[in-house]
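Student: What follows is a structure written as structure tokens; I'll ask about it next.
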Protein chains: 2
Amino acid sequence: MSDLEALSLKLEARGYRVTPPRRAVIAAVLQQSNHFTVEELLQRCRGAGRATVFRTVRLLSEMGVICRVLMEDGSLHYRVSQRGHHHHLVCTACGHVQDLDDCSVAGVVRELSRASGYEIEGHWLEFYGRCQSCRSPVAVGGGR
Amino acid sequence: MSDLEALSLKLEARGYRVTPPRRAVIAAVLQQSNHFTVEELLQRCRGAGRATVFRTVRLLSEMGVICRVLMEDGSLHYRVSQRGHHHHLVCTACGHVQDLDDCSVAGVVRELSRASGYEIEGHWLEFYGRCQSCRSPVAVGGGR
DNA sequence: GAGAAACGTGATACTTAGTCTCACTGAGAC
DNA sequence: GTCTCAGTGAGACTAAGTATCACGTTTCTC
């Protein structure tokens, strides 16, 4: 069973109809290997309207199929998400995003909760840097 | 010396003029005890134009006088910042923001850098929860 | 002090990312 | 067949921020 079919079943199980525009958006989302913006999806789903693409993205986001990635400039991108709670490591040079499996601040949250008296319900954590292939190995000509 | 005067001197030292609209924006910023939006500043500085308020906010942000706070809904607010790199603890009930002095993920960054091969240059971390006075005395525990 | 250059300004148009509204469509229930 | 209702596209609208432009004010130079 393809990812598209699996997702369609998941939508139907939740009582949503799987219409041609929704299929088009989901297919476009699944084609994206890295992060994307809604504008990029709109380019790929010429058939579907703006509102529909935004609605479907919100739906997929609520279902946990895609997650939001906060870029270093403050803009929000989206990304297919296999797991539940996780964080991202964003390469500021090539834009590649890597998922971080385990939540590295779980201990910090416990400690902070005790120290501050807050009941901590959530957090947002993104790392920015240069991936292995973008790190210039002693500047072999050019660089950025 | 008041904060306003200190900031004015800081601006002049950087070669910026301290004009009446800028003074008005800075005064409005310093009046805010918690986080604020540019729209709120605009309400308070009726004299200064929209563009000027945005320009001054960007200027103060570049100077490190104010910092951005990412709210749970994805919107960006601003906040007077006394220190350099720090994180925020946002109460989702009353909206109060608390600064976290020491960067609690410094160790995580080092570990992650080694494990992933990334040269980590920055990160964004915000915590969300309910502050001591907003926690209902019954509901202890839970979490996301 | 005059004139020029630089800086800062408000008004306003524009951009981006997203939401809202509304008339319409098509599938399913009866 | 018709009623209902989720889903649709078009397009208006919103929020947050940027760009442009003509103009005013300061500062610099002579």
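What follows draws every value from the coordinates through simple rules; no lab data is involved. Keep in mind it's a predicted model, so treat the numbers as computed, not measured. Note: ideal-geometry Cβ built from the backbone for every residue, glycine included; neighbour counts use all protein chains shown.
Student: Can you compute the charge dipole magnitude of the protein assembly as shown about its Cα centre, using +1 on each Lys and Arg Cβ and -1 on each Asp and Glu Cβ, nothing else charged? Give it in debye, rounded to the nearest 20.
Tutor: About 860 debye.
Student: Report relative contact order for segment B:52-144 in percent, whole number only (criteria: Cα-Cα under 8 Å, sequence separation at least 6).
Tutor: Taking the mean separation of contacting Cα pairs over the length of segment B:52-144, I get 23 percent.
Student: Within 10 Å of each Cβ in peptide B:58-70, how many partner chain Cβ atoms are there on average? Round it to a whole number, please.
Tutor: Numbers: counts 0, 0, 0, 0, 0, 0, 0, 0, 0, 0, 1, 0, 4.
Rounded to a whole number, the mean comes out at 0.
Student: Nothing charged except the Cβ atoms of Lys and Arg (+1) and of Asp and Glu (-1): what's the magnitude of the dipole of chain A about its Cα centre? Round to the nearest 20 debye.
Tutor: 520 debye
Student: Another question, then. Under the rule of at least 5 residues apart or a separate chain, name every residue whose amide H is placed under 5 Å from the amide H of A:Ala93.
Tutor: Amide H to amide H, under 5 Å and 5 or more residues apart or across chains, A:Ala93 pairs with A:Cys131.
Student: May I pose another question? To the nearest whole number, what is the average tally of beta carbon atoms from other chains within 10 Å of the beta carbons of peptide B:107-120?
Tutor: 5
Student: Could I ask something else about it? Pop out the ³J(HN,Hα) list for segment B:33-41 in order, Karplus 6.51 cos²θ - 1.76 cosθ + 1.60 with θ = phi - 60°, rounded to Hz; leave Gly and Pro as x.
Tutor: Computed from phi, the couplings for segment B:33-41 are 7, 10, 6, 8, 10, 5, 4, 5, 5 Hz.
Student: Between B:Val25, A:Ala106, A:Leu9, whose Cα lies farthest towards the positive end of the dipole of the protein assembly as shown when Lys and Arg beta carbons carry +1 and Asp and Glu beta carbons carry -1, centred on the Cα centre?
Tutor: B:Val25
Student: Where Rh denotes the Kirkwood radius from the mean inverse Cα pair distance, what is Rg over Rh for segment A:1-98?
Tutor: That ratio equals 0.96.
Student: Next question, about the same structure. Scan segment A:40-80 for trypsin sites (Lys or Arg not before Pro) in coil per DSSP, keeping those whose Cβ has at most 11 other Cβ atoms within 10 Å, and list them by number.
Tutor: In loop regions of segment A:40-80 (DSSP not H, G, I, E or B), the sparsely surrounded trypsin sites (Lys or Arg not before Pro) are A:Arg46.
Student: So how do A:Cys67, B:Cys94 line up by other beta-carbon neighbours within 10 Å, fewest first?
Tutor: So the residues, fewest neighbours to most, are B:Cys94, A:Cys67.
Student: Which three lengths, in whole Å and largest first, does the protein assembly as shown cover when its Cα atoms are put on their principal axes?
Tutor: Result, largest extent first: 71, 62, 43 Å.
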